[in-house]
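Q: Mind looking over this structure? Questions follow.
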Amino acid sequence: MNSNDNIHESMNTPREATAVPVHRLLYWQVRRELWENRSIYIAPLAVAGVMLLGFLVSTGHLPELALATAGLPPDQETDHLIKVYGMVSVPLILVALAVGMFYCLDALNNERRDRSILFWKSLPVSDLLTVASKAAIPMLVLPLLTFVIVVVLQNLMRVITSVVLLAHGLPVADLWTQLPLLHLTVLLFYALAVLALWHAPVYAWLLLVSAWAKRSTFLVAVVPPMALGLAEKIAFGSHHVFSLIGERLFGGVGEAFAFERGRAVSDPLLELDPARFIASPGLWLGLLAAAGLFYGAVMLRRSRQPL
């Protein structure tokens, strides 16, 4: 009798809910974004595939180029290789920036438009964590994905170049000794981190617009700053708004790197200037603005209803 009472008591006693760690919730929220938005990784991979195909087509001219650069001094040869392999990252970085911005414009608007916000709000995931997972895509996932793709692409290019040169009986030692691929990798990681931090207020603004606008998120995000800049130009003849927008979009590179016109780049790490970047007021003011805009996006997501 006592044993039956104990069994019934244990069955009727509610079990305590196991708290899921925040990092696991964030991980699965990011996974959800990747499942629902395949362009996040398809677009960079497609561009990388096109670039690799173009490189394979151009390998027919590699022997001539190798012979043309064979007589260059070591510093000039290193500078040439750095420019060739370093430029591989530029299209992929630009694609990642474009994908990140368009993703932010749709991230919070789509779930209201297709009414899936009703389902996601029923889950034990806070609005703060949801918006954080969406902000992690352009600021963390896309930079890391771009980093991996560029590193793999550069190494594939070096291996393919070596095979082609060996097939034509040409030496490949300079390609492996004169090309500081490890330094290029550090430079790439630094550049991606700089852009992610510098563009944080841009992504936060786009998320805010995505949470607020009912439709035409691109126009809502672009027209007000442009109209404000035009009004300033007409009324006062100045262009502070346009300068601020241009500085936020393109100024991070000037703050983070110490480029010198005409200088041979024998070591890419000499171009880095992290001290000036960290001390830049534009960085910290931008991060402060990003925090405010991010908070606004969280508050809007909490109060918004399906469209």
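The values are calculated or read from the model by the stated rules, or taken from the named source; none is laboratory data. Remember, it's a predicted structure, so these values are computed and weren't measured experimentally. Note that each Cβ is placed from the backbone with ideal geometry, even for glycine, and that neighbours are counted across all protein chains shown. The protein model used for the area step is the full one, side chains on, heavy atoms only, and it has no ligands, DNA or RNA in it. Shrake-Rupley method; radii C 1.70, N 1.55, O 1.52, S 1.80 Å.
Q: Between VAL253 and ARG38, what's the calculated FRET efficiency when r is the beta-carbon distance and R0 is 30 Å? Round to 0.05.
A: Values: r = 30 Å, r/R0 = 0.99.
After rounding to 0.05, the efficiency reads 0.50.
Q: Using a simple spin-label model with points 7 Å from Cα along the Cα→Cβ vector, what separation in nm is obtained for SER238 and LEU269?
A: Going by the 7 Å Cα→Cβ label model, 4.4 nm.
Q: Give the residue from GLY49, LEU108, TYR203 lying farthest towards the positive end of the charge dipole for the chain; charges sit on Cβ (+1 for Lys and Arg, -1 for Asp and Glu) and the dipole is referred to the Cα centre.
A: The one lying farthest along the dipole's positive direction is LEU108.
Q: Note the listed values (i) 1.11; (ii) 1.05; (iii) 0.98, then indicate which one is Rg/Rh (Cα atoms, Kirkwood Rh) calculated from this particular structure.
A: Recomputing Rg/Rh (Cα atoms, Kirkwood Rh) here picks out (i).
Q: What part of the accessible area of the chain, given as a whole %, is carbon or sulfur when the probe is 1.4 angstrom?
A: Of the solvent-accessible surface of the chain, carbon and sulfur hold 71 percent.
Q: Grab the beta carbon distance between ARG113 and LEU285, set R0 = 35 Å, and tell me the FRET efficiency rounded to 0.05.
A: The calculated FRET efficiency here is 0.55.
Q: Is it possible to state the helix-based mean residue ellipticity at 222 nm for the chain, with each DSSP H run of 4+ residues giving -39500 (n - 2.57), the sum divided by total residues, to the nearest 500 deg cm²/dmol? What is it?
A: -25000 deg cm²/dmol
Q: Give the separation of the Cα centroids, segment 109-129 to segment 164-190, in Å.
A: The two parts, judged by their Cα centres, are 48 Å apart.
Q: Check every DSSP H run in the chain and write down those whose alpha carbon atoms cover 20 angstrom or more along the long axis and whose mean Kyte-Doolittle hydropathy is 1.6 or greater.
A: The answer, listed by residue number, is 39-58, 142-167, 181-198.
Q: Which of rounded, prolate or oblate describes segment 100-213 when judged by the alpha-carbon gyration tensor and an a/c cut-off of 1.5?
A: Taking the square roots of the gyration eigenvalues as a ≥ b ≥ c, segment 100-213 is prolate.
Q: Oh, and also: Per residue, how much accessible area does the chain show when a 1.4 Å probe rolls over the protein heavy atoms, in square angstrom? Don't skip to the end; give the middle numbers.
A: Working: 17640 Å² over 307 residues.
Counting only protein heavy atoms, the per-residue value for the chain is 57 Å².
Q: Just name one of ALA132, LEU181, PHE147: the one whose Cα is farthest towards the positive end of the charge dipole of segment 55-204 (beta-carbon charges, Lys/Arg +1, Asp/Glu -1).
A: The residue sitting most towards the positive pole is ALA132.
Q: Something else about it: Just order 79-88, 21-30 by mean Cβ neighbour count inside 10 Å, highest at the front, would you?
A: Taking the mean over residues of other Cβ atoms within 10 Å, the ranking is 79-88, 21-30.
Q: For LEU272, which sequence-distant residues (separation of 5 or more, or a different chain) have an amide H within less than 5 Å of its own amide H, given hydrogens modelled in the peptide plane?
A: Those lying under 5 Å, H to H, from LEU272 are ALA258.
Q: Could you tell me the center-to-center distance, by alpha carbons, between segment 290-307 and segment 206-285 in angstrom?
A: After rounding, the separation between the Cα centres reads 23 Å.
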